[in-house]
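Below: one structure, written as structure tokens.
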Amino acid sequence: MKLNVTTLEGKDAGSVELSEAIFGLDVRADLIQRCVNWQLAKRQAGTHKAKGRAEIARTGKKMYKQKGTGGARHGSARVPQFRGGGRAFGPVVRSHAFDLPKKVRALALKHALSAKAKDGSLIVLDQAVLEAAKTKALLGHFSGLGLTNALIIDGAELNNGFAIAARNIPNIDVLPIQGINVYDILRRQKLVLTKAALDALEARFK
């Protein structure tokens, strides 16, 4: 699969051959969904908590005598039936994370990349470098490239000027190649890969 390479200024910078094993797969939505669910579950805080009856600070003395009142039989005031009592089967602090095999995660990433390539939502950038960290200048470049909602993946090291200028622009994410993930690829309309990112991806999946 051949794709044109463009510069940040919108000029032609040749073309690049994309690996069919990474960008040419028949997209499987089930694999992508499994990986997204795994990512979202893993980042869930799980700090929700409700007090059970054992954690309520109330006396355990029997409320009133067993017989002769005409009312229901009750013992402790900590039980869930009463206002201020403990909650039955309430949420507890826990991890929502579950395991997903490493090979499934790698395959899901390939399918997410293939989905962007098939949609025509993949752009290859010569390099993501900006001399002065000016958001206005970068917005002008993005406007020329038609980028309003995009994930930009660079090599192992981000250009400082580019990263600082981009972090104030809404709906634009900039990540090094180590941070590439299925969820972020899907949540943005366009995927922009630099040539350094492409080389790193091909080395990773070799």
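The values are calculated or read from the model by the stated rules, or taken from the named source; none is laboratory data. All values derive from a computational prediction rather than experimental measurement. Here Cβ is always computed from backbone atoms with ideal geometry, including for glycine, and neighbour counts include all displayed protein chains. For the accessible areas, the whole protein counts, side chains as well, though only heavy atoms, and no ligand, DNA or RNA atoms are used. Shrake-Rupley method; radii C 1.70, N 1.55, O 1.52, S 1.80 Å.
When 161, 140 are checked against the criterion of being part of a helix (DSSP H, G or I) and without any contact (Cβ under 8 Å) to a residue 24 or more places away in the chain, 140 stands alone in meeting it. Total residues in the range 1-52 satisfying the condition of being farther than 23 Å from residue 119 by Cα and either out of contact with any helix residue (DSSP H, G or I) (no Cβ under 9 Å at 6 or more places or on another chain) or of a type in the set (D, E, K, R) (or both): the figure is 13. Considering 109, 130, 138, 145, the condition of being within 30 Å of residue 194 (Cα to Cα), at pLDDT 95 or above and either of a type outside the set (Ser, Thr, Tyr) or in contact with a His (Cβ under 7 Å, 6 or more places away or on another chain) (or both) is satisfied by 109 alone. Quick one: in the range 86-119, which of the residues that are charged (D, E, K, R) and in a loop (DSSP other than H, G, I, E, B) is least open to solvent (accessible area, probe 1.4 Å)? Ranking the qualifying residues of the range 86-119, first place goes to 94. For the range 102-125, check the following and say yes or no: at least one residue is of a type outside the set (A, V, I, L, M) and more than 22 Å from residue 188 (Cβ to Cβ). Yes; the residues of the range 102-125 include at least one that is of a type outside the set (A, V, I, L, M) and more than 22 Å from residue 188 (Cβ to Cβ). Filtering the range 68-84 to residues that are in contact (Cβ under 8 Å) with a residue 24 or more places away in the chain and more than 19 Å from residue 48 (Cβ to Cβ) leaves 78, 79, 84. Looking across the range 153-195, the residues that are among the charged types (D, E, K, R) and farther than 28 Å from residue 33 by Cβ come down to 157, 167, 195.
Identify, from the list 10, 14, the residue that is in a loop (DSSP other than H, G, I, E, B) and exposed (fewer than 14 other Cβ atoms within 10 Å of the Cβ). Full working, then the answer.
Numbers: 14 fails: in a loop (DSSP other than H, G, I, E, B).
10 is the lone residue from the list that is in a loop (DSSP other than H, G, I, E, B) and exposed (fewer than 14 other Cβ atoms within 10 Å of the Cβ).
Right, residue 198: of a type in the set (A, V, I, L, M, F, W, C), closer than 25 Å to residue 35 by Cβ, open to solvent by less than 60 Å² (accessible area, probe 1.4 Å) and within 19 Å of the chain's Cα centre (by Cα) or not? No: the conditions fail for residue 198. Just to be sure before I move on: is residue 132 open to solvent by less than 30 Å² (accessible area, probe 1.4 Å) and aliphatic (A, V, I, L, M) in the structure I sent? No.
Step by step: first the residues of the range 153-195, then only those that are basic (Lys, Arg) and under 18 Å from residue 138 (Cβ atoms), then the one that is least open to solvent (accessible area, probe 1.4 Å). Which residue is that? Among them, the one singled out is 188. Selection over the range 24-54 of residues that are surrounded by 12 or more Cβ atoms within 10 Å (Cβ to Cβ), touching a Gly at 6+ places or on another chain (Cβ under 9 Å) and outside any loop (DSSP other than H, G, I, E, B) gives a count of 1.
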